[in-house]
Amino acid sequence: MGISYKKLREIQNRQMTELSQMTPDNVKLFNQISSIARNTTADERTQEEWILSAGKEIVQAQKDGRSAHELYGSDLEAAVHTGLGLDEEEDSAASAQPKSLEMNSTEPQQQKQPRTPKWYAMIAWASVSFILLIQGGAGLIIGWTDGDIEPFSHISLFSIIVAAVGGIALVEMLRRLAERPDDQGADRNAVPKVNLRGIVIYLAVVVLVLFVGYPLRDSLPVFNLAPWVSLVIGIIGLALLRPLFGQKKA
């Protein structure tokens, strides 16, 4: 039975609440049984929920003036396996073999897709195509309502550059925000880290383009395009994404 990242963090936060109420000796005991439980073949949800219940029992024993060590005896591994409903010998034999196989099978999934120039070119192409699609569609709608389509009949090189760079920055920022340890096959117990440095760099690039390019906007070329032309170019651009940038089958 699997467990979502949100549920896992919820259970572990409750474990920390119990841990904060323990004496140093009981903290040491709790950490020992937690480590043993997480190295068994029980599914992760069962492990974490049992660790939480064990923490509550230790805190209760502490309040009752009893030694928490009495709950588990001298053989902690046997006590943990019993608590999880596992046979110690069978679990030890079963946990050794599958883990190496599992590591080999998941190794390719842990490798991040490289960000190549082709990747950035694809984002820039898609961003500009989408902008043209929106501009053309909006211009046609305004024209059908007898509105002024002049603002939708041209696009400057400055706008194209901002669309391309801004699209790359937005996609990279969202990718970095979405990166979580469990999504990459890493340790689910690790706290998700947001690469703020990377996000700031991408945003700084966008700001730099705006500040450098904005004074030059009037001197940069302006392309006159009827709304329907912009719409067609946008549709063709998006349609060509897969043929131009898709991975070719071996």
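The values are calculated or read from the model by the stated rules, or taken from the named source; none is laboratory data. Worth saying up front: this structure is predicted, and the values here are computed from it rather than measured. For the accessible areas, the whole protein counts, side chains as well, though only heavy atoms, and no ligand, DNA or RNA atoms are used. Shrake-Rupley method; radii C 1.70, N 1.55, O 1.52, S 1.80 Å.
In this structure the amide hydrogen of Phe223, modeled in the peptide plane, comes within under 5 Å of the amide hydrogens of Ile155, Ser156, Leu157, none closer than 5 places in sequence on its chain. Heavy-atom accessible area with a 1.4 Å probe sorts Glu44, Glu70, largest first, into Glu70, Glu44. Per-residue Karplus couplings for region 24-39, computed as 6.51 cos²θ - 1.76 cosθ + 1.60 with θ equal to phi - 60°, are listed in order as x, 5, 6, 4, 4, 5, 4, 5, 5, 5, 5, 5, 5, 4, 6, 9 Hz, Gly and Pro entered as x. Judged by the gyration tensor of its Cα atoms, with axes a ≥ b ≥ c, region 10-57 is oblate; a/c meets the 1.5 cut and b/c is at least as large as a/b. A full extension of the chain between Ser74 and Ile141 corresponds to an added length of 16.3 nm, given 0.36 nm per residue minus the alpha carbon distance.
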